[in-house]
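See structure below.
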Amino acid sequence: MRFAINHISAPGLSLADFFAMCRRLGVSEVEIRNDIPDVLGSMTPAAVKAEAAAQGMTILSINALYPFNLWSGDLPDRAQRMADYAAECGAQALVMCPLNDGAKVPHSDVVTALDAMKPVLRDRGLTGLVEPLGFPISSLRTKAEALAAITEAGDDGTYSLMHDTFHHHLAGEAQFYPNRTGLVHISGVSDPDIAVDDMLDAHRLLVDGDDRLENIAQIKALRASGYEGPFSFEPFAEEVHALDNPETALKNSMDYILRAVT
């Protein structure tokens, strides 16, 4: 089983320190962000690429282009700038998240956005990781919906699914698409009192024995059905971000998952 680590797991660390922590944990695949922390806004892509090379890191993705499914306004320009950055820093993919404010986005608009984004990605050798958000207010909740739009846009390998264990659980999805999945995000929710429909990013912790999202069952199902890619930690909870020793917390979660899936 391969682990990856999203920089949001330890946003208080500089990129160099984040990479060094990953190396000590035996992880060589990482994700960087344009929000928490905003690596794209604080470092040149050449500096990111040099640091990754110096520490032996593979940059799986940049999180995230939002909202990818409304191809209007400043989105085309932002998409091209982010894709340029990704290509120049050596990232393999862009994570693409849908509108998440309660407004509906027609299926045809999702297809239009995927059509428009395809040459941006293809010309730079990037994959688009389409990540449905399972929140009740999301405009694209399920992987089935995402796959339908990808198929209609012409399934030529430009796009893959992001399977997020949190969003999979919130959307009530039962179907897995291992052969269409490019990356898996893992996080856990342990609060026993929060209803599923009320779960937010702020509740997302590292996976442990109190997890309510069935991470272990999801991981087992993905691996049993043929998924061989990495599982990337993506906790959003402030209590994780504020940890004095995120390395130990990540090691404990990795050890728990490895024991549970074997």
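Of the listed requirements (1) touching a Pro at 6+ places or on another chain (Cβ under 9 Å); (2) within 18 Å of Ile150 (Cα to Cα), Leu114 misses just one: (1).
I'd like to verify a number: residues in the stretch 30-42 that are out of contact with any His (no Cβ under 9 Å at 6 or more places or on another chain) and touching a residue at least 40 places away in the same chain (Cβ under 8 Å), how many?
As a first pass, look at the stretch 30-42 and keep what is out of contact with any His (no Cβ under 9 Å at 6 or more places or on another chain): 34-35, 38, 40-42.
Within this subset, residues satisfying the condition of being touching a residue at least 40 places away in the same chain (Cβ under 8 Å) are 34, 40.
Going through the stretch 30-42 one residue at a time, the tally reaches 2.
Taken over the stretch 49-75, the criterion of being assigned to a helix (DSSP H, G or I) and either small (Gly, Ala, Ser) or in contact with a helix residue (DSSP H, G or I) (Cβ under 7 Å, 6 or more places away or on another chain) (or both) is satisfied by Lys49, Ala50, Glu51, Ala52, Ala53, Ala54, Gln55. In the stretch 8-29, the qualifying residues are those that are buried (at least 24 other Cβ atoms within 10 Å of the Cβ) and without any contact (Cβ under 8 Å) to a residue 40 or more places away in the chain, and the one that is nearest to Thr248 (Cα to Cα) is Cys22. I need the full set of residues from the stretch 59-112 which are crowded, with 20+ Cβ neighbours inside 10 Å, closer than 20 Å to Ile8 by Cα and aromatic (Phe, Trp, Tyr), in order please. Within the stretch 59-112, Tyr85 is the sole residue that qualifies. Could you check, for the stretch 19-37, whether at least one of its residues is under 22 Å from His163 (Cα atoms), at pLDDT 95 or above, among the aromatic types (Phe, Trp, Tyr) and touching a strand residue (DSSP E or B) at 6+ places or on another chain (Cβ under 9 Å)? The answer is no, given that none of the residues of the stretch 19-37 is under 22 Å from His163 (Cα atoms), at pLDDT 95 or above, among the aromatic types (Phe, Trp, Tyr) and touching a strand residue (DSSP E or B) at 6+ places or on another chain (Cβ under 9 Å). Looking at this structure, is Ala195 in contact (Cβ under 8 Å) with a residue 24 or more places away in the chain and not charged (D, E, K, R)? Against the criterion (in contact (Cβ under 8 Å) with a residue 24 or more places away in the chain and not charged (D, E, K, R)), Ala195 does not qualify.
Can you name the residue in the stretch 83-99 that is assigned to a helix (DSSP H, G or I) and touching a strand residue (DSSP E or B) at 6+ places or on another chain (Cβ under 8 Å) and is also nearest to His185 (Cα to Cα) among such residues? Step through it out loud before you land on a result.
We begin by selecting, within the stretch 83-99, every residue assigned to a helix (DSSP H, G or I); these are 83-89.
Right, trim to touching a strand residue (DSSP E or B) at 6+ places or on another chain (Cβ under 8 Å) and you get 83, 85-86, 89.
Numbers: Ala83: 21, Tyr85: 22, Ala86: 19, Cys89: 22 Å.
Per the criteria, the residue is Ala86.
Residues checked against (1) of a type in the set (D, E, K, R); (2) in a loop (DSSP other than H, G, I, E, B):
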position: Ile36; (1), (2): no, yes
position: Ala47; (1), (2): no, no
position: Arg81; (1), (2): yes, no
position: Val111; (1), (2): no, no
position: Leu121; (1), (2): no, no
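Could you go through the stretch 59-68 and let me know if any residue there is of a type in the set (Val, Ile, Thr), touching a Gly at 6+ places or on another chain (Cβ under 7 Å) and within 16 Å of Val184 (Cα to Cα). Checking the stretch 59-68: at least one residue is of a type in the set (Val, Ile, Thr), touching a Gly at 6+ places or on another chain (Cβ under 7 Å) and within 16 Å of Val184 (Cα to Cα).
The values are calculated or read from the model by the stated rules, or taken from the named source; none is laboratory data. Worth saying up front: this structure is predicted, and the values here are computed from it rather than measured. Glycine also receives a Cβ, built like all others from the backbone with ideal geometry; neighbour counts cover every protein chain displayed.
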